[in-house]
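Read through the structure below, which is laid out as structure tokens, and then see the notes.
A short reminder: the numbers here are calculations on the coordinates, not readings from a lab. Since the model is a prediction, treat every value here as computed from it, not as a measurement. All Cβ positions, glycine included, derive from the backbone under ideal geometry; neighbour counts span all protein chains shown.
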Protein chains: 2
Amino acid sequence: MGLSVTILGANSAIPTATRYPTAQVVDINQSRYLVDCGEGAQMQLRRNKIKLQRIKAIFISHLHGDHYFGLIGLINTMHMLGRNIPLDIFGPPELLDVLNLQLDLADTKLSYPWTFHPLDFGESKLIYDDDGVEVHTIPLDHGIPCNGFLFKEKKRKRKLIRERIGELNIPLEQIPKIKDGADFVDEKGEVYPNSALTTPPKRSYSYAYCSDTQYNERILPIIDRVDLLYHEATFLEDRKERAKHTKHSTAKDAATIAKKAQVGSLIIGHYSARYFDFQDHLDEAKEVFEHTYLAREGMTFDVPYKNKK
Amino acid sequence: MGLSVTILGANSAIPTATRYPTAQVVDINQSRYLVDCGEGAQMQLRRNKIKLQRIKAIFISHLHGDHYFGLIGLINTMHMLGRNIPLDIFGPPELLDVLNLQLDLADTKLSYPWTFHPLDFGESKLIYDDDGVEVHTIPLDHGIPCNGFLFKEKKRKRKLIRERIGELNIPLEQIPKIKDGADFVDEKGEVYPNSALTTPPKRSYSYAYCSDTQYNERILPIIDRVDLLYHEATFLEDRKERAKHTKHSTAKDAATIAKKAQVGSLIIGHYSARYFDFQDHLDEAKEVFEHTYLAREGMTFDVPYKNKK
């Protein structure tokens with residue numbers, strides 16, 4: 001149970017033999033969501049032993065290829081493996097044209113129901129909602145329309161005090177209501193307040209994903225105090241001009257956003273292919289925000305933070 | 001010098017953690033051509049230390065995704081790395097729409113001149129021609145329009161007998177003509193026939209690539225006596241019905257074509273993801289055609305055949 005993020009690709013636009021373009025799996029209470037889908041994401045899912053048919057929804061931030069060129073291959077493979085459960089895909093409206101064109105050319109009708117949800121880019125919106133999570137957009141500033149995504153775990157239910165349930169012989173059908181906060185009234189009409197039957201739930205967690213963006217304080221209210229923030233850090237400060245020109249961030253930019261938003265922990269990634277080592281990124285960010293970690297292919301970050309590999 | 005084929009992907013439609021969809025590099029006298037470009041081909045080029053900027057032309061057989069989903073990423077990476085030498089791309093006409101749509105959405109104008117050459121599918125045609133090679137299409141039979149490609153190394157020049165050149169004091173500017181077969185006339189008007197100055201060139205080699213096809217004897221005259229044939233062998237004979245239904249070949253089909261065309265050696269590949277070992281493919285093919293070899297990611301086949309790894 002809980003929230004975790006697995007990095008499938010941590011590189012920016014140019015992949016190498018071992019570094020993949022952006023893709024991440026967000027796991028919230030065992031429901032799985034894919035965030036961006038660079039080329040090779042489906043192979044990376046397999047390498048990391050993540051069942052691709054368990055992905056419920058896919059969120060694409062923008063239409064630079066390093067964030068979506070792997071999508072058509074992934075949805076095609078889901079089809080060839082006989083998927084029948086629905087898939088929701090969120091992204092810029094034109095993404096639907098790209099998918100439909102390629103499916104039509106191969107005469108492919110996907111084996112499963114899929115729904116494409118075109119996104120707009122003006123302000124933060126609630127775009128997805130299921131039993132366990134809400135997803136909101138985070139409008140970013142990157143030259144072409146680009147959204148980040150905020151995952152907010154839904155408020156968990158209160159926890160039953162098992163002994164009290166037994167003592168009072170509470171009927172099974174009442175249990176869900178009690179978890180939702182109801183009091184219990186027994187046959188004699190005696191009222192047992194909810195606080196005597198349950199304890200408060202663990203707090204719910206949140207994750208903000210900011211794919212490609214230049215330094216942008218307008219996102220601060222949206223990502224305020226999230227438990228975990230991923231923020232791109234394509235460059236170091238010594239390439240500040242290059243960062244501005246390409247509308248990307250430096251490690252210091254990412255850390256400054258993390259600090260101002262008072263987030264729990266920061267993951268940085270989307271490294272330019274010019275870097276072969278990321279210690280300087282880490283050092284630069286940590287000077288501003290201590291709880292910074294480097295994204296690397298195959299790593300899983302848990303909330304609260306515990307680095308598995 | 002010579003002809004070689006490096007396998008970047010030997011799997012059929014569904015990639016795994018280690019098995020990639022179809023892509024091959026054909027190297028003829030140090031000019032490089034890419035044949036098909038499944039997802040991940042650019043990473044496979046890097047893993048195999050093949051400089052992607054040295055690829056002169058790309059040939060796409062058909063628009064099933066496992067043969068071209070890696071193309072947009074590759075041409076994009078060539079651009080981001082600052083390529084300026086021209087690139088020729090050959091494929092079904094609609095491929096241009098797929099590329100243009102994705103380039104336009106990212107506002108990308110490629111840094112190098114590129115020419116798209118739409119192919120048709122009715123009969124074998126000469127489609128490409130440079131100093132060292134001719135490429136012809138091989139119309140295949142696969143449900144959607146599909147071409148294989150025949151690479152014919154051009155006739156090499158005659159080899160000079162160095163001693164004779166020295167003895168006769170032949171001026172440098174005459175050498176190319178003599179390599180082309182001209183006689184030499186010295187200052188006194190004495191004629192030395194070309195056969196006294198040169199020896200015949202080594203023979204030229206040929207490679208035929210048959211990507212996806214059901215058993216089809218109409219290709220026999222086109223691939224007649226090629227030195228090396230790649231022919232797909234998605235299934236084994238016990239799945240003959242499945243092969244027919246999906247318009248693919250069995251290992252026996254591939255070997256029968258190799259035998260009837262009297263080719264030098266046969267490479268089989270495009271294995272269905274249902275197989276985890278290909279010894280049965282090899283055994284089935286070898287019963288019909290002894291000089292059969294299994295394609296695996298990272299292998300290079302030289303002509304005449306010598307398996308490097």
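When the scattering of the protein assembly as shown is computed by the Debye formula from its Cα atoms alone, each counted once and equally, what is log10 I(q)/I(0) at q = 0.05, 0.08, 0.11 Å⁻¹?
-0.30, -0.67, -1.04
Need one number: % antiparallel among DSSP beta bridges in segment B:169-288, to the nearest 5.
Percent antiparallel among DSSP bridges in segment B:169-288 is about 15.
Every other copy gets compared here: list the nm distances from the B:Ser111 label point (7 Å along Cα to Cβ) to its counterparts, shortest first, one decimal.
Sorted ascending, the copy-to-copy spacings read 4.2 nm.
Considering Cα pairs under 8 angstrom that are at least six residues apart, work out the relative contact order of segment B:159-198 and quote it in whole percent.
Normalised by residue count, the contact order of segment B:159-198 is 45 percent.
Cα convex hull of segment B:52-109: how many Å³ per residue?
Considering the Cα atoms of segment B:52-109, their hull volume per residue is 83 Å³.
Amide H to amide H under 5 Å from A:Phe90: which residues, 5+ apart in sequence or cross-chain, H placed 1.01 Å off N in plane?
Hits under the 5 Å cutoff: A:Ile58, A:Phe59, A:Ile60, A:His117.
Closest to the B-onto-A rotation axis, which residue of chain B has its Cβ, and how many Å off the axis is it?
B:Gly40, 2
Where the centroid of each part is defined by its Cα atoms, how far is segment A:1-56 from segment B:43-67 in Å?
First find each Cα centre; the distance between them is then 24 Å.
How far is B:Arg47 from the same spot in each other copy, in nm, shortest first, if each label point sits 7 Å from Cα toward Cβ?
Those label-point separations list as 0.8 nm.
Let me have the 222 nm mean residue ellipticity of chain A computed from DSSP H runs of 4+ only, each contributing -39500 (n - 2.57), with the sum over all residues rounded to the nearest 500.
-6000 deg cm²/dmol
On the Cα set of segment A:159-198, report Rg and Dmax in Å, please.
8.9, 25
Under 10 Å, Cα contacts only: if you run a Gaussian network model on chain B, which one of B:Gly148, B:Gly264, B:Gly82 comes out with the highest mean-square fluctuation?
B:Gly82
Too long at a 21 Å Cα-Cα cut-off: which of A:Lys247/B:Lys109; B:Lys49/B:Lys286; B:Lys125/B:Lys159? Let's see the in-between values first.
Values: A:Lys247/B:Lys109 18 Å; B:Lys49/B:Lys286 32 Å; B:Lys125/B:Lys159 31 Å.
Pairs exceeding 21 Å: B:Lys49/B:Lys286; B:Lys125/B:Lys159.
Would you order B:Phe59, A:Phe289, A:Phe276 from fewest to most other beta-carbon atoms within 10 Å of each residue's own beta-carbon?
If I rank by nearby Cβ atoms, fewest first, I get A:Phe276, A:Phe289, B:Phe59.
If you stretched the chain out fully between B:Phe116 and B:Ile144, how much longer would it get, using 0.36 nm times the residue separation minus the C-alpha to C-alpha distance?
Net length gain for the segment: 8.1 nm.
Could you list which residues have their amide H under 5 Å from that of B:Gly9, counting only those 5 or more apart in sequence or on another chain, with H placed in the peptide plane?
It is B:Ala23, by chain and number.
At 25 °C and 0.890 mPa s, grab the translational diffusion coefficient of segment B:1-152 from Stokes-Einstein with a Kirkwood Rh over Cα pairs, rounded to a whole number in µm² per second.
157
Placing the label point 7 Å from Cα along the Cα-to-Cβ direction, what are the distances from B:Thr300 to the equivalent spots in the other copies, shortest first, in nm to one decimal?
For B:Thr300, the inter-copy label distances come out at 4.0 nm.
Mind telling me which of A:Ser124, A:Ser249, A:Ser206 comes out most flexible in a GNM of chain A, alpha-carbon contacts under 10 Å?
A:Ser124
Which of A:His291, A:His64, B:His231 comes first, and how do the rest follow, when ranked by fewest Cβ neighbours within 10 Å? Don't skip to the end; give the middle numbers.
Numbers: A:His291 17, A:His64 25, B:His231 31.
Lowest to highest Cβ neighbour count: A:His291, A:His64, B:His231.
Among A:Val226, B:Val185, which comes first, then next, by fewest other beta-carbon atoms within 10 Å? Please report the intermediate quantities before stating the final value.
Values: A:Val226 24, B:Val185 11.
Least crowded to most crowded, the residues run B:Val185, A:Val226.
Evaluate the relative contact order of chain B (contact order divided by residue number), counting alpha-carbon pairs under 8 angstrom at least 6 apart; express in whole percent.
Value for chain B: 17 percent.
Pick from A:Val98, A:Val191, A:Val263: which residue has the top mean-square fluctuation in a GNM of chain A where Cα pairs under 10 Å get a spring?
A:Val191
Amide H to amide H, which residues 5 or more places from A:Ile127 or on other chains are under 5 Å from it, using H placed in the peptide plane?
Here the answer is A:Val135, A:His136, A:Thr137, since their amide H atoms fall under 5 Å of that of A:Ile127.
Thinking of segment A:201-309 as a set of Cα atoms, what percent of all their pairs are more than 23 Å apart?
So the pairs more than 23 Å apart make up 21 percent of the total in segment A:201-309.
Just want to confirm a number: the relative contact order over segment A:1-116, from Cα pairs under 8 angstrom separated by 6+ residues, in percent.
Value for segment A:1-116: 20 percent.
Cα atoms only: what Rg and Dmax, in Å, come out for segment B:85-229?
Over segment B:85-229's Cα set, Rg and Dmax evaluate to 22.6, 70 Å.
Using only Cα atoms, locate the centre of segment B:162-237 and the centre of segment B:82-121, then give the distance between them in Å, rounded to an integer.
33
Taking a quarter of the surface of the Cα convex hull of chain B, what do you get in nm²? Mind showing how you got there, number by number?
Details: hull surface 73.8 nm².
Computed as one quarter of the Cα hull surface, the answer is 18.4 nm².
How big is the gap, in Å, between the Cα center of segment B:264-278 and the Cα center of segment A:132-150?
Centre-to-centre distance over Cα atoms comes out at 44 Å.
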